[in-house]
Amino acid sequence: MNILVTGGTGYIGSHTVVELIGAGHDVVIVDNLSNSEEFVVDRIEQIAGIRPAFVKADLRDENALRTAFSDFEKIDSVIHFAAFKAVGESVQNPLLYYDNNISGMITLLKVMNDFGVGSMVYSSSCTVYGESDKLPVDEQSPIKRAESPYGFTKQVGERILEDLAVSRGFSSVILRYFNPTGAHDTSLIGELPLGVPNNLVPYITQTAIGEREMLTVNGNDYDTPDGTNIRDYIHVVDLAVAHLRALERLSEGKNADKFEVFNLGTGKGNSVMEVIKTFEEVTGLKLNYRIGPRRAGDVVSIYSDTRKANEQLGWKAERNLADMMLTSWNWQKAVSGLNEKSNR
Ligand code: NAD
Ligand code: UD1
C-alpha cells in the first residue's frame, strides 16, 4: 500500500516508517521538522534499505498538503502522528496546541476527503483516561476531563474521527499509547527531546551521560508499594508494529466498527524506582538521583488492560523494561553531541 505518514521523522513515526517499509509498503512522510531532523530520513533508509519519500510541509498548509497528495500515487491510508506533545507547554500556550494539533488534523482530513482517502490510524494517549477509577484501564474506562490543553487535543482528535465515522463512514483506528520509550536496536533512530526533557527515561539517560546533573524523583509518598508513581512503559518498536497491525485491520476490512480504540501498553505497571533500578542493572551504572516533591498533575498509577489489542488486533508487546532501558541508553550514547541545532 501507499501510506502517508504525518510526523514520520518524529520519534514514534520514524520507528513506524521502518516497520512499514519492512512490510513492503511505500511511504510518504509529511513533516514540518518542528520537532525532528531531516537526517532521520537517511537513518530510516540505512535501516530499512529503502528511502521513504519526504515532503517538508506543515499540516496547516492546505496547498502544500494537496501537493503532497497529488504528487504521489494514490494514497491508500494515513497514519497521523504529527502533533505537539509537551503537556507543560500546552498549559502555557494553549492556542499553539489547539491550532497545531486540531487545525492541522482538520486540514489533513479535508484534503484526505478530497483525495478519496477514507481511513486513518490515529495517535492518541492514555492521558485521555486521567486518574482512572479502575486498574488496569480498559478501553471502556470513562474519558475524564482533560488535565491539559494537550490532553484535550487528543480527546478532540478522537471525537472528530468518531463523528466522521457517522457522517461519512470514515474508518479509523485510535491507538492510545501508554508510556513510549526505548529506541531502535541499531541506535540509528530514537527520541530527540528538545531542551530539558520532561519525561522520565530521557532524563535518566541524559543524567547518566552527564548532560544533566541529577534526576529528581517526583515524590515517593504516593499510595503505591514503593511510594513512587506507576506507569506502563512500552517499547517504541512494539508500538511501531502495532501500527502495522492497525493498518492491516483497516485495509483488510477486519475492523468491527468504523471507529475503533485500542490501548497499547504491556499491561504491566512499573514504578519510577523500578525504572531507575532496571536502568542501573542493565547498564551497570549508578544513577545520580534524589527524591523531590510531587509533580503537579501526575496521576498516581496507570497501566493498561491489553486484552483488546491482544485478541482483536493480534498484537502483543514483546520487549520488556530491560530492553527499553538498554536501547534508550545505547541511543543516548549514539546521539550525544550529534547535533547542536537546538541543544538536543
Ligand atoms: P515527535 O515530536 O517526536 O513527533 C511528531 C512529529 O510531528 C515531529 O517530527 C514534528 O516535527 C511533526 N509535526 C508536529 N506538528 C506538525 C505540523 N503541524 N505539520 C507537520 N509536522 C508536524 O512526537 P512522538 O513522540 O513521535 O509522538 C507522535 C504522536 O504520538 C503525537 O501525536 C503524540 O501526541 C502521540 N503520543 C506520544 C506519546 C509520547 O510519549 N511520545 C504518548 C502518547 C501519544
Ligand atoms: C506525561 C504526560 C502525558 C503524556 C506522557 C507521554 C503529564 C502529567 N503527563 O506522562 O500526558 O502522554 O508524558 O509523553 O505530564 N518523573 C520523575 N522525574 C522526572 C521525570 C518524570 O520522577 O524527571 C516521573 C513522573 O512524575 C511520573 C513518571 O516519572 O511519575 C513518568 O513521567 P513521564 O515520563 O513524564 O510520563 P507521564 O507523567 O506518565
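The values are calculated or read from the model by the stated rules, or taken from the named source; none is laboratory data. Everything numeric here is computed off the predicted structure, so don't read it as measured data. We place every Cβ from the backbone using ideal geometry, glycine too, and count neighbours over all the protein chains shown. SASA here: full protein model, heavy atoms, side chains in, ligands and nucleic acids out. Shrake-Rupley method; radii C 1.70, N 1.55, O 1.52, S 1.80 Å.
Summary table below
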read-out: Sole residue being in a loop (DSSP other than H, G, I, E, B) and either over 15 Å from the mean Cα position of the chain (by Cα) or in the same structural domain as residue 138 (by TED's automatic domain parsing) (or both), chosen from 161, 188; value: 188
read-out: Unique residue being part of a helix (DSSP H, G or I) and either of a type in the set (Phe, Trp, Tyr) or open to solvent by less than 50 Å² (accessible area, probe 1.4 Å) (or both) when the list is 40, 27; value: 40
read-out: Filter result for residue 23 (in the same structural domain as residue 239 (by TED's automatic domain parsing), small (Gly, Ala, Ser) and within 26 Å of residue 250 (Cα to Cα)); value: yes
read-out: Residues satisfying the stated conditions in segment 162-215, i.e. more than 16 Å from ligand 1 (Cβ to nearest atom), open to solvent by 10 Å² or more (accessible area, probe 1.4 Å) and of a type in the set (A, V, I, L, M); value: 164, 165, 166, 208, 209, 214
read-out: Number of the exception - residue 287 against (1) part of a helix (DSSP H, G or I); (2) farther than 30 Å from residue 23 by Cα; value: (1)
read-out: Any hit, segment 59-67, residues being within 19 Å of residue 247 (Cβ to Cβ) and either more than 16 Å from ligand 2 (Cβ to nearest atom) or crowded, with 20+ Cβ neighbours inside 10 Å (or both); value: no
read-out: Residue check, residue 254 in contact with a strand residue (DSSP E or B) (Cβ under 9 Å, 6 or more places away or on another chain), in a loop (DSSP other than H, G, I, E, B), open to solvent by 50 Å² or more (accessible area, probe 1.4 Å) and not aromatic (Phe, Trp, Tyr); value: no
read-out: Hits in segment 1-14 - residues which are out of contact with any Pro (no Cβ under 9 Å at 6 or more places or on another chain) and either in a helix (DSSP H, G or I) or away from ligand 2 (no atom under 16 Å from the Cβ) (or both); value: 1, 2, 3, 4, 6, 9, 13, 14
read-out: Neighbours by Cβ (under 9 Å, 6+ apart or cross-chain): first from segment 219-231, within 16 Å of ligand 1 (Cβ to nearest atom); second basic (Lys, Arg) and in a loop (DSSP other than H, G, I, E, B); value: 229/294; 229/295
read-out: Cβ pairs under 6 Å, 6+ apart, first in segment 60-71 and assigned by TED's automatic domain parsing to the domain that holds residue 117, second within 12 Å of ligand 1 (Cβ to nearest atom) and part of a helix (DSSP H, G or I); value: 60/103; 60/104; 60/107; 62/107
read-out: Output for segment 83-105, where each listed residue is assigned to a helix (DSSP H, G or I) and within 15 Å of ligand 2 (Cβ to nearest atom); value: 87, 88, 89, 90, 91, 92, 94, 97, 101
read-out: The one condition in (1) within 27 Å of residue 248 (Cα to Cα); (2) open to solvent by 60 Å² or more (accessible area, probe 1.4 Å); (3) more than 9 Å from ligand 1 (Cβ to nearest atom) that residue 85 fails to fulfil; value: (3)
read-out: Test: residue in segment 289-297 that is under 24 Å from the mean Cα position of the chain (by Cα) and buried (at least 19 other Cβ atoms within 10 Å of the Cβ); value: no
read-out: Identity of the residue in segment 257-284, in a strand (DSSP E or B) and among the polar types (S, T, N, Q), that ends up nearest to residue 14 (Cα to Cα); value: 263
read-out: Selection status of residue 141, among the small types (Gly, Ala, Ser), within 26 Å of residue 252 (Cα to Cα) and touching a helix residue (DSSP H, G or I) at 6+ places or on another chain (Cβ under 7 Å); value: no
read-out: So residue 216, is it on the phi < 0 side of the Ramachandran plot, part of a loop (DSSP other than H, G, I, E, B), within 9 Å of ligand 2 (Cβ to nearest atom) and over 23 Å from the mean Cα position of the chain (by Cα); value: no
read-out: Those residues of segment 186-211 which are more than 9 Å from ligand 2 (Cβ to nearest atom), of a type outside the set (Gly, Ala, Ser) and closer than 19 Å to residue 278 by Cβ, in sequence order; value: 191, 205, 206, 209
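Yes or no, residue by residue, for (1) in contact with a Gly (Cβ under 6 Å, 6 or more places away or on another chain); (2) open to solvent by 40 Å² or more (accessible area, probe 1.4 Å); (3) at pLDDT 95 or above:
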{"residue": "246", "(1), (2), (3)": "no, no, yes"}
{"residue": "265", "(1), (2), (3)": "no, no, yes"}
{"residue": "279", "(1), (2), (3)": "no, no, yes"}
{"residue": "328", "(1), (2), (3)": "yes, no, yes"}
{"residue": "331", "(1), (2), (3)": "yes, no, yes"}
{"residue": "340", "(1), (2), (3)": "no, yes, no"}
